[in-house]
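The block underneath contains the structure these notes are about, expressed in structure tokens.
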There are 2 protein chains.
Amino acid sequence: MIFTIDRDALLNQLLIIQKGLPNKTPLPILYAIKFDVYEDYLLMTSSNTDVAIQVMVDDATLKIIKTGHVAIPGRYLIDIMRKITSHHVEFALIEDKLIVIKADRSEFKLRLMDVEDYPEVDFLDLDDPVVLDSQLLKSIIRETNFATASSEKRPILTGVNFKYRDDSLYCVATDSYRLSQKNVKIRTNNTTFDIVVPNKSLDELSKILDGFQEDVDVFINPNKVLFRMNKILFQTRLLEGTYPDTMRIIPTEFPVSIPFNKEDLLAGVERVSLLSPKDRDTNYNIIKLALRADHVVEISSTNSEVGDALEEVIPAGDVIGPIIRIAFSSRYLVEALKSFTSPEVTLHFAGEVKPFVIKGDRDPDLMHLILPVRID
Amino acid sequence: MIFTIDRDALLNQLLIIQKGLPNKTPLPILYAIKFDVYEDYLLMTSSNTDVAIQVMVDDATLKIIKTGHVAIPGRYLIDIMRKITSHHVEFALIEDKLIVIKADRSEFKLRLMDVEDYPEVDFLDLDDPVVLDSQLLKSIIRETNFATASSEKRPILTGVNFKYRDDSLYCVATDSYRLSQKNVKIRTNNTTFDIVVPNKSLDELSKILDGFQEDVDVFINPNKVLFRMNKILFQTRLLEGTYPDTMRIIPTEFPVSIPFNKEDLLAGVERVSLLSPKDRDTNYNIIKLALRADHVVEISSTNSEVGDALEEVIPAGDVIGPIIRIAFSSRYLVEALKSFTSPEVTLHFAGEVKPFVIKGDRDPDLMHLILPVRID
């Protein structure tokens, strides 16, 4: 196996492949990146228990002198490529177990792992894709993934539920204290699907999408989903089990609605949270929100040890409904607000002990819901 | 106690005072910042086991309505000031145990600590200073402090030794594996001194110096040193004990001298270090440097598990002396090189098992020394 390539071209692809390397694995061969060098192109593959990534490299600077298949220790290779400053890099297999990497006046000899040990990665067949706009997919991840559960108590909640039927894609995430929901119309040839994608996989996918503008082809089977972004294949396992029906916890009547300038509300909530006591269950800061009769909103916290904080926020428009007083974890509201692109958001309240809903004036498809805590 | 002040003016000073707050202390009162509000100015004080800081605030925006003395929980106060966006802030003592902070539509009530409990901080008398240029002091810290010991095995080595005699200031730091030495001519009225300043204190001092351009007045007694930067007093304890005589370990004869472009050498060393094995004692990467007969320098590492790295570096000028081969911790060389402002550095070798010395063409007062390790 011998080839030469431009350092930047290779490094950019290696940084994608890196997201498939395991942090820790009982199967050391997975610390390697598999290189399959064919006559006209090079395939790089990485995989761990969650995801598998394959990138096809056929860059104009790639010159293949001899084909071959090797497993190169991943982190060392990437560290080396990062530190190399010359453009031209040569890879050559010597002695069967050693790869020589030459770049300008640098020469690295890396001990290879046994490529025969690398497990076969079963990428799904590339038939009949669901086609998604990459920027839409990226927004969906940004708007929902943060609301998934981080604890493994209910594993199904550590992923985002993607449900497709009647030309609509319903995306839901919840950790059972708050919920994020994005519904979008899309057209596909596909039949219905209902899958739960692990939040960690979505984090990695989102980073790869940063460098990608075109459409994404999505291939789904009951256990896996494969995202094809041009020459990149990103496959992840799905979470097993039935995602809970979240529709029934969303109130249908909202007697109180208060519109806010998003940044004003965010700044006020963040300041008040500085002194707020922690919720025993979730360790998050609890704050109170009260609509006064004069339609000014008070956000406040009381902490017997430290002190009190009080913030007056003027609504950004007409308030609907009677006075209300509700308490909740400030972190949930902060994270929800940050996910909106809208400059104006409206809080819709169903009652003092019922979940409340946040919507943005420029994000019609997006809804966040937060469960209150009881005030003494 | 009542006063109003511009938020930015106060926050800037609080960020200096913050460096004197303890991370952890058995004396909870030290988590407070002491405010002494007089008729025309305000003093803020913080202290921990290492340092004590006092800032005098007499900003034009400060309006003192009522004098007083209070101890305000430091981290909460600073968090609040960071998050406030309005310019005008009002502080008012109510009920003896509560301070109210008002800013625009925000209101914070912070529970005070008992100001009577705040220990008396004994700042040195401001007589007979040694006057230092603030930028010189900052460079000295940057060039020496990193070479101090981080372990407490030999406590005296966790500080920088400042020795003054015959119009010269000798600054030395060593962790017994490498050494940094800076000697500068300065004129003062002062008699001689010989002190060791803790590295953590110097780190904090260095950050405060970032925002300061004028001369620094230094006041010294056998146990403490006080740095006065205009309206800031920064006092630190000194390390007890006698600093070792380091002159005797510096070789006097250097048969081999090799000049390098600093950036070229640094890049080569960093690349080779990627594969180098760790030194058992220090956990640092060991690399080899060899001067070949053709006056090309080879930097290399051999790691039986991972592989080998080899880098050729062309000296930046005439090489003096016979071929040589030496091994050492790459981290020491990397840190030493980074402390030079010089674009060209010269390595001076006394022998394969003797310490070698690094000098920079534009840093005449600075010298680094590194102990080699034995090569098998």
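The values are calculated or read from the model by the stated rules, or taken from the named source; none is laboratory data. These figures come from a predicted structure and were not determined experimentally. No Cβ is skipped: glycine too gets one built from the backbone with ideal geometry, and neighbour counts run over all protein chains shown.
Residues in the stretch A:147-187 that are under 16 Å from A:Y284 (Cβ atoms) and assigned to a strand (DSSP E or B): A:T174, A:R178, A:L179. Restricting the stretch B:91-132 to residues that are away from every other protein chain (no Cβ under 14 Å), modelled with pLDDT of 95 or more and more than 20 Å from B:I53 (Cβ to Cβ), the residue that is surrounded by the fewest Cβ atoms within 10 Å (Cβ to Cβ) is B:E116.
Look at A:I84 and say whether it is in contact (Cβ under 8 Å) with a residue 40 or more places away in the chain and either within 9 Å of chain B (Cβ to nearest Cβ) or over 28 Å from A:A60 (Cα atoms) (or both). Judged against the criteria, A:I84 is a match. Among the residues of the stretch B:253-282, just one is hydroxyl-bearing (S, T, Y) and at pLDDT 95 or above, namely B:S257.
Filter the stretch B:308-332 for residues that are out of contact with any helix residue (DSSP H, G or I) (no Cβ under 6 Å at 6 or more places or on another chain) and acidic (D, E); which is surrounded by the most Cβ atoms within 10 Å (Cβ to Cβ)?
Here is the first cut: in the stretch B:308-332, the residues out of contact with any helix residue (DSSP H, G or I) (no Cβ under 6 Å at 6 or more places or on another chain) are B:308, B:310, B:312, B:314-329, B:331-332.
Checking the rest, the ones that are also acidic (D, E) come to B:308, B:312, B:318.
Values: B:D308: 19, B:E312: 15, B:D318: 9.
The qualifying residue surrounded by the most Cβ atoms within 10 Å (Cβ to Cβ) is B:D308.
What tally of residues in the stretch B:258-307 results from selecting those that are among the polar types (S, T, N, Q), out of contact with any helix residue (DSSP H, G or I) (no Cβ under 8 Å at 6 or more places or on another chain) and either surrounded by 18 or more Cβ atoms within 10 Å (Cβ to Cβ) or closer than 22 Å to A:P73 by Cβ (or both)? Walk me through it before giving the result.
So the first thing to find is which residues in the stretch B:258-307 are among the polar types (S, T, N, Q), and the list is B:261, B:273, B:276, B:282-283, B:285, B:300-304.
Cutting the leftovers down to out of contact with any helix residue (DSSP H, G or I) (no Cβ under 8 Å at 6 or more places or on another chain) gives us B:261, B:282-283, B:302-304.
Retained after the next criterion (residues that are either surrounded by 18 or more Cβ atoms within 10 Å (Cβ to Cβ) or closer than 22 Å to A:P73 by Cβ (or both)): B:283, B:302-304.
So the answer is 4.
Take the conditions (1) modelled with pLDDT of 95 or more; (2) assigned to a strand (DSSP E or B); B:S201 misses just one of them, which is (2). Only residues that are in contact with an Asp or Glu (Cβ under 6 Å, 6 or more places away or on another chain) and on the phi > 0 side of the Ramachandran plot were counted in the stretch A:82-127, giving 0. The C-beta contact set for the stretch A:5-22 (first residue free of Cβ contacts under 8 Å to residues at least 24 places away in the same chain, second residue surrounded by fewer than 20 Cβ atoms within 10 Å (Cβ to Cβ) and in a helix (DSSP H, G or I), distance under 9 angstrom, 6+ apart or interchain) is empty. Within the stretch A:16-28, the set of residues being crowded, with 16+ Cβ neighbours inside 10 Å and not in a loop (DSSP other than H, G, I, E, B) comprises A:I16, A:I17, A:Q18, A:K19, A:G20. Is one or more of the residues making up the stretch A:170-184 surrounded by fewer than 16 Cβ atoms within 10 Å (Cβ to Cβ) and touching a helix residue (DSSP H, G or I) at 6+ places or on another chain (Cβ under 7 Å)? There is at least one residue in the stretch A:170-184 that is surrounded by fewer than 16 Cβ atoms within 10 Å (Cβ to Cβ) and touching a helix residue (DSSP H, G or I) at 6+ places or on another chain (Cβ under 7 Å).
Name the strands (runs of 3 or more DSSP E) wholly inside the stretch B:256-312 in which the number of residues that are away from chain A (no Cβ under 14 Å) is 3 or more. Give the derivation first.
Details: elements: B:256-261, B:286-291, B:297-303.
By residue number, B:256-261, B:286-291.
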